[in-house]
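Here's the structure, in C-alpha cells; my notes come after.
Any read-out appearing in this document is the output of simple, stated calculations on the displayed coordinates, not a laboratory observation. This one's a predicted model, so the numbers in the text were calculated from it and none came from an experiment. Note: ideal-geometry Cβ built from the backbone for every residue, glycine included; neighbour counts use all protein chains shown.
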C-alpha cells in the first residue's frame, strides 16, 4: 500500500467516527513526508480497518442475539435480583450476554467489556464495549414484547457506535458518530416537532421502596411533564429509546439506570440528531467507565428543541 491513501480509500473510510477520523488524518499527513512507495505503518492500517468494521460487527452480533431472544420469548421465568426489586434476571439474559462477550473477545480481543450480568473485563484499553443482553427483562419474562438488546462502544468516555435491537419488532437501530443512524438500513432522524404539547414522551420510573419520598417526588414531576405533552408512553425498556431515535417519540427521561442502559442508546440517538444528557441537562460522564458499573445514571434524551422544553420543566420543579 502506498504512503498516501487514495481518494477512493478516503471515501470508503469517511464513515469513521470523528475523533478516529481526525487521528487518521493526522497520521496521513505524517505519512506523506515519507518517500513515495514506502509502506503504510501497519498499526494505523489495522486500527482504521477495525473501526470500519464496527457497524457490521454490531449488526451481525445483535441479529444473532435476537434469534436467541425470539426463540426463548414466552418460555422463560424471571428471578428478581436480591439487591433490587425492580430488576429481573432470566436465563436468556445470561445466554445472550455470553454470546456477545464471546464475539467481542474474538473480534476485539484487546478491548474492555462491561456486561450487565458478566461484569467488567479490563484489557487496559481506551475502547470499551458495553452490553445489556436484555433491557426490559421484566417485560421479557412476563411475555411483554417491548424489550431490547444494547451493544455500544466507548472510545475513552465518548459513545462512538451503538446498536439497539428490538427482536419482537424485527427492528435493528445502528448509530455511528459522524455517519448517522439507521433502522434496518434506512436512515432515521429524531422528531422535527418543536412543540412539546404535540409530542409523545416517555418517563421511565422505578419504585424506591427503600425511600418512598423519591418515588413520590418523581410522581409529582411526572404529572407536570404529562400536562405539557401530548401524552405519556412508558415500557421501561430500550423500546422507548429506539422510538426517540426514529422520531416516533419526542423524548424520554429516566432517573434510575446504569451505564449499559445508556451507551448504545446515546450513540444511536445522537447519530439521529438528538440530544442526550443526564436528567438535569449535564453532559453524560463515562470517564473511567470500568469503575462505573455500579453507579446510577440519569438521562434526558430528546429532539433538541423538545429537550430544551423538558429541561425547563425539570429545572422549575427542582428549584
Original post:
For the peptides 309-316, 269-276, 212-219, what is the packing order when you average, over each peptide's residues, the other Cβ atoms within 10 Å and list the highest mean first?
Top reply: 269-276, 309-316, 212-219
Subject >> Estimated distance in nm for a label pair at residue 75 and residue 216, the labels positioned 7 Å out from Cα along Cα-to-Cβ >> reply: 4.6 nm
Original post:
Can you give the FRET efficiency for residue 124 and residue 94, using 1/(1 + (r/R0)^6), R0 = 25 Å, r = Cβ-Cβ distance, to the nearest 0.05?
Top reply: 0.40
**OP:** Among 260, 129, rank each residue by its count of other Cβ atoms within 10 Å, from fewest to most, as a rough exposure measure.
**Re:** 260, 129
Subject >> Ellipsoid semi-axes in whole angstrom, largest first, where each is sqrt(5λ) of the Cα gyration tensor of the range 94-185 >> reply: 23, 18, 10
